[in-house]
Amino acid sequence: MMRQAATTLTFRTSGAGLLEITGPVADWVVAQGMRDGLLTVFVRHTSASLVIQENADPAVRSDLDAFFRRLVPEDPHLYRHQDEGSDDMPAHIRSALTNVDLQIPLLDGRLVLGTWQGIYLFEHRRAAHRRDVVLHLMGE
Amino acid sequence: MMRQAATTLTFRTSGAGLLEITGPVADWVVAQGMRDGLLTVFVRHTSASLVIQENADPAVRSDLDAFFRRLVPEDPHLYRHQDEGSDDMPAHIRSALTNVDLQIPLLDGRLVLGTWQGIYLFEHRRAAHRRDVVLHLMGE
Amino acid sequence: MMRQAATTLTFRTSGAGLLEITGPVADWVVAQGMRDGLLTVFVRHTSASLVIQENADPAVRSDLDAFFRRLVPEDPHLYRHQDEGSDDMPAHIRSALTNVDLQIPLLDGRLVLGTWQGIYLFEHRRAAHRRDVVLHLMGE
């Protein structure tokens, strides 16, 4: 019989960059005791996002963060929206370029992530933030 | 008992830019009478897309649109595909950089959108268009 | 009664560019005999990704690939991560800018793809690769 489970995990980022959340996400999935299903990961913010990226060499994450800083520079002349600081509008754009939600199938009790795939919360603001990530699992 | 519901909403865009669709999407979801589930929003086009963005300051949407116009310029020298006008290939690329589909969990009768998150249809063509957006809800 | 089905399709890419996979994906979906549901397509790699794009003019795919090569150049001075070749870090970034997963509703026995929408596996490495794509279908 198909069923659902959901929770909200809160992570504390330490400023811009990628924070791996694969462990706590996978632990919660396993604790639901389903064999097959679909996991949705959803971030409830507009200046942080989600990516699945290489989990081996930490340089991949710093290169990725550096690329997005170059692509969407923190230049006040480029944006009208300035109320929340010069790093806010670039954060919204970097969020639009990546993902607010991710879906990962669960098969035989395991998320089907490839060997080198990790789930990352991508903080786009300069300051540390608390970020709510909703997990929703549907299956049996 | 888990069940499904689906519909297609048609929106008329007024040319390039972001059109908020949170209201009609949330209204349809509430009308299905489910407590928990997973909503999928899917746009059936290749020159319009979907984003979840800040819903407070309208400057965020104009800054976002302006960024994508700079990043993917409407320059005929850059693209071989010209048949449908010089704004068509940039529209396909902007679509690939954002999303064709979004997933939002439903918990306790409400979509888990954060306070500042709105759902937007992102028109990438210069002219007004009719755009079909499929909503699919699975839950109970 | 809602149920699930899943499989893994393996595709051989011939180097960087877009490979259409709509046919084999749709064939598998039809073979599951469901009327309504939600299809998830998930690529188990960090240097290949998924996009839904125009399926008519092949120039759209070459223009898209060319855009991503310009946006994320293969320049060793830009990236610290070099271990797996100069095309590896650009591949990770192009993957983050597109999608690891896609969701497409199934209604009345057909995926709701628009007339011009095709599903593409986007290879970001220069060499040919074998790529695993997981399909997961939930519905009835």
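The values are calculated or read from the model by the stated rules, or taken from the named source; none is laboratory data. If you're wondering where the values come from, they're calculated on a predicted model, not measured in any experiment. All Cβ positions, even for glycine, are placed from backbone atoms using ideal geometry, and neighbour counts span all protein chains on display. Please note that ligands, DNA and RNA were not included when accessible areas were found on the heavy atoms of the full protein model with its side chains. Shrake-Rupley method; radii C 1.70, N 1.55, O 1.52, S 1.80 Å.
Observations
- Filtered by the rule that a residue be more than 12 Å from residue C:39 (Cβ to Cβ) and part of a strand (DSSP E or B), region C:1-25 gives C:3, C:8, C:9, C:10, C:11, C:12, C:17, C:18, C:19, C:20.
- Unique match (being open to solvent by less than 10 Å² (accessible area, probe 1.4 Å), more than 9 Å from chain C (Cβ to nearest Cβ) and touching a Ser or Thr at 6+ places or on another chain (Cβ under 7 Å)) among A:74, A:123: A:123
- The residue that is nearest to residue B:41 (Cα to Cα), among those in region C:108-138 that are of a type in the set (D, E, K, R) and assigned to a loop (DSSP other than H, G, I, E, B), is C:108.
- Residue check, residue B:65 closer than 30 Å to residue C:72 by Cα, away from chain C (no Cβ under 14 Å) and either among the acidic types (Asp, Glu) or open to solvent by less than 10 Å² (accessible area, probe 1.4 Å) (or both): yes
- Put simply, of B:94, B:125 the only residue that is more than 13 Å from the chain's Cα centre (by Cα) and not hydroxyl-bearing (Ser, Thr, Tyr) is B:125.
- Set C:89, C:138: member being free of Cβ contacts under 8 Å to residues at least 40 places away in the same chain and surrounded by 20 or more Cβ atoms within 10 Å (Cβ to Cβ): C:89
- Entry remark, region C:2-16: residues being touching a strand residue (DSSP E or B) at 6+ places or on another chain (Cβ under 6 Å) and either of a type outside the set (A, V, I, L, M, F, W, C) or within 13 Å of chain A (Cβ to nearest Cβ) (or both) number 9 in total.
- Any hit, region B:15-28, residues being farther than 21 Å from residue B:114 by Cβ and exposed (fewer than 15 other Cβ atoms within 10 Å of the Cβ): yes
- Pairing each residue of region A:22-38 that is among the charged types (D, E, K, R) with any residue that is buried (at least 16 other Cβ atoms within 10 Å of the Cβ) and part of a helix (DSSP H, G or I), provided the two are 6+ apart or on different chains, yields no C-beta distance under 8 Å.
- Selection within region A:97-112 - surrounded by fewer than 17 Cβ atoms within 10 Å (Cβ to Cβ) and either within 18 Å of the chain's Cα centre (by Cα) or in contact (Cβ under 8 Å) with a residue 40 or more places away in the chain (or both): A:108, A:109
- Unique residue being hydroxyl-bearing (Ser, Thr, Tyr), farther than 26 Å from residue C:76 by Cβ and within 11 Å of chain B (Cβ to nearest Cβ) when the list is C:115, C:98: C:115
- Residue A:28 falls short on exactly one of the conditions (1) under 26 Å from residue B:111 (Cβ atoms); (2) in contact with a helix residue (DSSP H, G or I) (Cβ under 6 Å, 6 or more places away or on another chain); (3) in a helix (DSSP H, G or I), and that condition is (2).
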